[in-house]
1. Using a probe of 1.4 angstrom, how much of the accessible area of segment 28-150 is carbon and sulfur, in percent?
2. GluC sites (Glu not before Pro) within segment 2-108: which are DSSP loop residues with at most 12 other Cβ atoms inside 10 Å?
3. Restricting the calculation to Cα positions, tell me the Rg (one decimal) and the Dmax (whole number) of segment 126-169 in Å.
4. As a test of the formula, what do you get for the chain when each DSSP H run with n ≥ 4 contributes -39,500 (n - 2.57) and the sum is divided by the residue count, at 222 nm and rounded to the nearest 500 deg cm²/dmol?
5. For the chain, what does the relative contact order come out to in percent, with C-alpha contacts under 8 Å and a separation of six or more?
6. Apply 1/(1 + (r/R0)^6) to the Cβ-Cβ distance of R155 and L10, taking R0 = 25 Å, and write down the FRET efficiency to the nearest 0.05.
7. State in Å² the accessible area per residue of segment 1-150; use a 1.4 Å probe, count heavy atoms of protein chains only, and round to the nearest integer.
8. Taking the chain as the reference, fit the longest principal axis to its C-alpha atoms, fit the long axis of helix 27-43 to the helix C-alpha atoms, and give the angle between the two in degrees, 0 to 90, nearest 10.
Amino acid sequence: MLLRRVARSLFASWFVSEGLGVVRHPAPHAADAAAALSAWRARLPEAAIDVVPGGLLRRELTDRQLTTAVQLHGAALAGAGLLLALGKAPRTAALLLAALTAPLVVVNLPDKRADAGDRVLRQQRRDRLVRALSFAAGAVIVAADREGRPGITWRVQHALEERAASGDD
């Protein structure tokens with residue numbers, strides 16, 4: 001279907017653009033990620049911090065490590081978006097995009113300390129949060145799209161009903 005192919009490509013363009021932007025200019029994204037990690041460390045109880053394997057939440061990441069992690073996330077976002085735009089494994093790519101958008105939601109959660117009472121910063125953070133939530137939801141919808149073909153559950157149920165109707169045991 002031409003409509004589905006064009007719509008997926010247009011939808012994927014934001015992910016590709018965002019991912020490439022992060023790879024090319026990681027500094028502001030790394031700063032946002034560092035602030036989000038600090039905020040989460042402060043909010044989580046000690047028991048929850050120890051649950052994360054490897055003590056990841058306990059140790060401080062260097063600026064270089066954080067920048068590399070942000071760039072890798074951006075590259076994965078752009079790669080999955082490109083796969084979706086090209087129609088290569090579109091459901092898997094969309095599911096990956098939904099999972100990769102989750103950190104963007106976490107980074108953009110409202111934080112009164114980070115916004116320091118600035119209405120413009122608070123509005124920008126809210127806009128980024130809503131955009132990330134919207135694109136995550138869209139990616140889930142794209143991942144669930146079977147292009148008009150029935151899923152495995154329907155096929156199994158249909159086969160069982162046909163078998164019961166024909167009287168085979």
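1. Details: 4840 of 7580 Å².
Ligands and nucleic acids excluded, carbon and sulfur reach 64 percent.
2. When the GluC sites (Glu not before Pro) of segment 2-108 are filtered for loop state and at most 12 Cβ neighbours within 10 Å, E60 remain.
3. That works out to 18.8, 59 Å for Rg and Dmax.
4. Values: 8 runs with 133 residues, N = 169.
The helix contribution divided over the chain gives -26500 deg cm²/dmol.
5. So the answer I get is 25 percent.
6. Values: r = 31 Å, r/R0 = 1.24.
FRET efficiency, R155 to L10: 0.20.
7. Numbers: 9440 Å² over 150 residues.
Here the per-residue accessible area is 63 Å².
8. 90 degrees
The values are calculated or read from the model by the stated rules, or taken from the named source; none is laboratory data. Please read all numbers here as calculations on a predicted model, not as lab measurements. Positions of Cβ are backbone-derived with ideal geometry, glycine not excepted, and every protein chain shown enters the neighbour counts. Just so you know, the surface numbers come from the protein's heavy atoms only, side chains and all, with ligands and any DNA or RNA stripped out. Shrake-Rupley method; radii C 1.70, N 1.55, O 1.52, S 1.80 Å.
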